[in-house]
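First comes the structure, then the notes that go with it.
The values are calculated or read from the model by the stated rules, or taken from the named source; none is laboratory data. None of these values were measured; they are calculated from a predicted model. FYI the Cβ positions are ideal-geometry reconstructions off the backbone, even for glycines, and counts take in every protein chain you see.
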Amino acid sequence: MIRLKNDPPPAQLDLSKQTELTDRFLTTNTDVWKAKFITEAVYKLSYNKCCFTECKLLEEGKYPEVEHFYPKSLYPLKVVEWDNLLPINGAVNKKRVIMI
């Protein structure tokens with residue numbers, strides 16, 4: 001498991017933008033955390049590596065995703081909260097869900 005940098009959220013993710021994106025998620029169930037400015041900043045926290053396996057996310061054959069520490073199904077108000085976002089290899093995430 002890789003230690004994540006404690007960078008501040010991107011400037012674009014201010015309180016009004018968080019509120020807007022959270023409201024959009026609640027009303028349309030859209031994956032608002034996949035916005036380019038969010039994903040790029042989240043990947044940067046781990047030097048573009050999966051926080052669990054440390055594989056390089058942006059290589060061919062990897063499936064980079066932004067995952068939530070607190071599940072969005074239980075904590076929908078935290079979907080774009082900066083401290084709740086993790087860089088992860090999507091293939092590993094799918095296996096993790098199946099194992100649970």
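Quick look at the numbers
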| read-out | value |
| --- | --- |
| In the range 76-98, the residues that are surrounded by fewer than 18 Cβ atoms within 10 Å (Cβ to Cβ), modelled with pLDDT of 90 or more and not charged (D, E, K, R) | 76, 77, 82 |
| Meets criteria (buried (at least 17 other Cβ atoms within 10 Å of the Cβ), assigned to a helix (DSSP H, G or I) and either without any contact (Cβ under 8 Å) to a residue 60 or more places away in the chain or of a type in the set (S, T, N, Q) (or both)) for residue 21 | yes |
| Near pairs, Cβ below 7 angstrom, 6+ apart or cross-chain, from the range 35-53 (within 21 Å of residue 11 (Cβ to Cβ) and touching a residue at least 12 places away in the same chain (Cβ under 8 Å)) to any residue that is aliphatic (A, V, I, L, M) and assigned to a loop (DSSP other than H, G, I, E, B) | 38/13; 38/80; 43/57; 45/4; 46/2; 46/4; 48/57; 48/58 |
| Odd one out for residue 12 among (1) at pLDDT 95 or above; (2) part of a loop (DSSP other than H, G, I, E, B); (3) surrounded by 14 or more Cβ atoms within 10 Å (Cβ to Cβ); (4) of a type outside the set (Gly, Ala, Ser) | (3) |
| Tally, over the range 22-48, of residues that are in contact with a helix residue (DSSP H, G or I) (Cβ under 7 Å, 6 or more places away or on another chain) and farther than 15 Å from residue 68 by Cα | 2 |
